[in-house]
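Have a look at the structure below before the remarks.
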Amino acid sequence: MININLGCGWRGFGKNWYHVDGGDYEHLDSSDIFNLPFDDNSVDLIYASHVIEYFDREEIADIINEWKSKLKPGGILRLAVPDFAKIVLLYTKGHDIKDFLGPLYGKMEMGNDTIYHKTTYDFSSLSGLLKSVGIESVERYNWRQTEHSEFDDHSQAYIPHMDKEKGILISLNVEGVK
């Protein structure tokens with residue numbers, strides 16, 4: 001099995017994963033999320049948690065197409081992004097805007113640069129994007145039922161923060177099949 005964690009940050013998922021991130025962490029196998037060193041049709045799972053919102057909508061389809069080319073037929077592309085619909089709902093129900101600045105704007109140091117989110121998604125726009133590049137059977141996934149559920153990452157983002165039992169998930173977790 002070849003499993004890739006794109007934009008993994010400081011979270012290492014273990015030796016059964018190929019880790020890619022622009023940061024400087026010991027567990028990284030690569031820093032290039034654009035050119036994965038795998039043959040086409042060879043990867044079982046590509047996972048990117050809170051990564052694609054850092055790219056313009058005009059460029060993300062090409063990036064996802066590159067990732068898709070590496071997936072085996074039947075391979076899974078699994079994405080997590082801030083859930084704009086949930087964020088808006090919670091905001092209109094009285095949550096403070098400060099609760100959502102990180103998920104909406106994503107300010108992060110990356111080498112010598114500071115990067116920010118360039119867009120946001122709801123289920124319709126994200127599933128439409130995936131279907132437009134040929135990803136099929138697009139649906140929400142439950143992070144608790146994944147190979148990486150034991151690793152706390154942004155796919156497990158809740159309001160109130162870290163309240164995974166009573167809180168509201170503000171990560172839109174979607175996967176599809178090549």
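Each reported figure results from applying straightforward, stated rules to the coordinates on display, with no laboratory input. Remember, predicted model here, so these are calculated numbers, not experimental data. Cβ: placed from backbone, ideal geometry, glycine included. Neighbour counts: every protein chain shown.
What the Cβ-Cβ distance of Lys15 and Ser149 gives, at R0 = 25 Å and to the nearest 0.05, is a FRET efficiency of 0.90. Take every DSSP beta bridge whose two residues both sit in the chain; close to 50 percent of them are antiparallel. Taking the Cα centre of segment 22-157 as reference, the dipole from Cβ charges on Lys and Arg (+1) and Asp and Glu (-1) amounts to some 660 debye. Separation of the alpha carbons by more than 24 angstrom is noted, of Lys98/Lys164; Lys86/Lys166; Lys15/Lys166; Lys70/Lys131; Lys15/Lys164; Lys86/Lys131, for Lys15/Lys166; Lys15/Lys164. Which of the three applies to segment 107-178, rounded, prolate or oblate, going by the alpha-carbon gyration tensor with a ≥ b ≥ c and a/c under 1.5 meaning rounded? Note, shape of segment 107-178 comes out oblate.
Where in the chain is the longest stretch that carries no GluC sites (Glu not before Pro) classed as loop by DSSP and with at most 10 other Cβ atoms within 10 Å?
With a cap of 10 other Cβ atoms within 10 Å, the longest stretch comes to 27-149.
Reported to the nearest whole Å, the Cα centre-to-centre distance from segment 119-176 to segment 39-107 is 8. Each of Leu89, Ile135, Ser31 was scored by the projection of its Cα onto the charge dipole of segment 1-139, and the greatest displacement toward the positive side belongs to Leu89; charges sit on the C-beta of Lys, Arg, Asp and Glu. Assuming R0 = 25 Å, can you tell me the calculated FRET efficiency for the pair Asp56 and Leu89, based on Cβ-Cβ distance, to the nearest 0.05? Given R0 = 25 Å and the Cβ-Cβ separation, E is 0.45. Extension gain, Arg140 to Phe38, is 34.1 nm, computed as 0.36 nm per intervening residue step minus the present C-alpha separation. For the chain, adding -39500 (n - 2.57) for each run of n ≥ 4 DSSP H residues and dividing by the number of residues yields -6000 deg cm²/dmol at 222 nm. Percentage of Cα-Cα pair distances in segment 1-140 greater than 24 Å, rounded to whole percent? Looking at segment 1-140, the distances longer than 24 Å represent 34 percent of pairs.
Here the mean projected area of the convex hull built on the C-alpha positions of segment 1-73 is 4.7 nm².
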